[in-house]
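Engineer: Would you mind keeping the following structure in view while I ask a few things?
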Amino acid sequence: MAFGGEIILRARSWQRLFRFGGVATVAALSPSSYGPAARAIAVRQIYLTAWKVLPGYLAFSALLSVVIIEILRNSELVRSAAEALGRTQVDTALELVLRVLVLELIPLLTALFVALRSGAAIGAEIALMRVNGELEDRHGRGASPLHAELVPRIAAAALSVFSLTSFSVALAMYLAYTSFFGGSNAGLVMYTRIVGHLFDLQILIGLLLKCLLFGLAVALIPLATGLEAERGQLQTIPAAVLAGLMKLFLVIGVIEVLSLMIKYV
């Protein structure tokens, strides 16, 4: 039996992952993949992954956002940086808050949250189906396991990451405005100017691309690695699930590092 650390180092395992990812992504973009049964699986997965936890996750995001906003708003380092740049402290602190929360922290934490909540569960579910031979049995009956079982979970997990990120970003931006300007419209012009300056077309495309890559990674990697479990070998399930999580955290880290390098180096 291969342990998770052994699976993650196998070049063939990564090759199978990328090959499966390409095929599954194309299938997920095809409307013909979503029959009644597939839609039911996708809706159930979205409910469990995103909708059911939405209030709690938004509460966590709000708490985190308020803490980060207050730290940066009252930071002496931010005050010194604003003086050195010849800008106001509010202007500098607000831009830094939006960069830290909206561009970096919230997308990363959302991807990690969905990975921990659903990544292992999806990987274990697919690995168990693989061990029990359910996927092969479906194929033998003329049904495609890719379209019937895998694609709905991929689409639902990716959509869950994007949805939770969008809601959390909107909440963080609202909290940023109210923290700096209260409930009045006095700071609307300044806030709009800073947001417009910060979120230009290039930054928006980069943010959307990063969220898309996070969603695909969370959706594809645990599921693809779960398929490496061996039929009739229950003891291979933990190794497959662990390898999936290890690969997932590695890929999420690489995506975030590359994003930072492209924007700031």
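Engineer: Straight-line reach only, C-alpha to C-alpha below 18 angstrom: list the lysines that residue 263 could link to, leaving out same-chain residues fewer than 8 apart.
Structural biologist: 210
Engineer: Which residue fluctuates most in the GNM of the chain (Cα springs below 10 Å): 50, 239, 11?
Structural biologist: Looking only at 50, 239, 11, the largest GNM fluctuation is found for 11.
Engineer: Moving to a separate point now. Please list 14, 51 from largest to smallest accessible area, probe radius 1.4 Å, with all protein chains kept in place.
Structural biologist: The ranking, largest first, comes out as 51, 14.
Engineer: Defining a contact as two alpha carbons under 8 Å apart and six or more residues distant in sequence, what relative contact order in percent does the chain show?
Structural biologist: Across the chain, relative contact order equals 35 percent.
Engineer: With a 1.4 Å probe and all protein chains in place, put 214, 113 in order of accessible area, largest first.
Structural biologist: Accessible-area ranking of 214, 113, largest first: 113, 214.
Engineer: Over the Cα atoms of the chain, compute the convex hull volume and normalise it per residue, giving Å³.
Structural biologist: Cα convex hull per residue, to the nearest whole number: 148 Å³.
Engineer: In addition: Nearest 20 debye, what's the magnitude of the dipole of the range 4-264 about its Cα centre given +1 on Lys and Arg Cβ and -1 on Asp and Glu Cβ?
Structural biologist: Computed charge dipole of the range 4-264: roughly 440 debye.
Engineer: Next question, about the same structure. At 1.4 Å probe size, what's the solvent-accessible area of residue 99? Round to the nearest 10 Å².
Structural biologist: Accessible area of residue 99: about 70 Å².
Engineer: In the range 4-264, with Lys and Arg counted as +1 and Asp and Glu as -1 at Cβ, which of these residues, 113, 62, 185, has the Cα nearest the positive end of the dipole, that is, farthest along it?
Structural biologist: Value: 113.
Engineer: Let me ask something additional. In the chain, if the dipole is taken from +1 on Lys/Arg beta carbons and -1 on Asp/Glu beta carbons about the Cα centre, which of 161, 217, 237 is farthest to the positive end?
Structural biologist: 237
Engineer: Tally Lys/Arg at +1 and Asp/Glu at -1 over every other residue whose Cβ is under 14 Å from the Cβ of residue 84; what's the total?
Structural biologist: Residues near residue 84 contribute -1 overall.
The values are calculated or read from the model by the stated rules, or taken from the named source; none is laboratory data. In this text, all values refer to a predicted model and were calculated from it rather than measured experimentally. Cβ atoms come from the backbone with ideal geometry, glycine included; neighbour counts cover every protein chain shown. Calculation scope for accessible area: heavy atoms of the full protein, side chains included, ligands and nucleic acids excluded. Shrake-Rupley method; radii C 1.70, N 1.55, O 1.52, S 1.80 Å.
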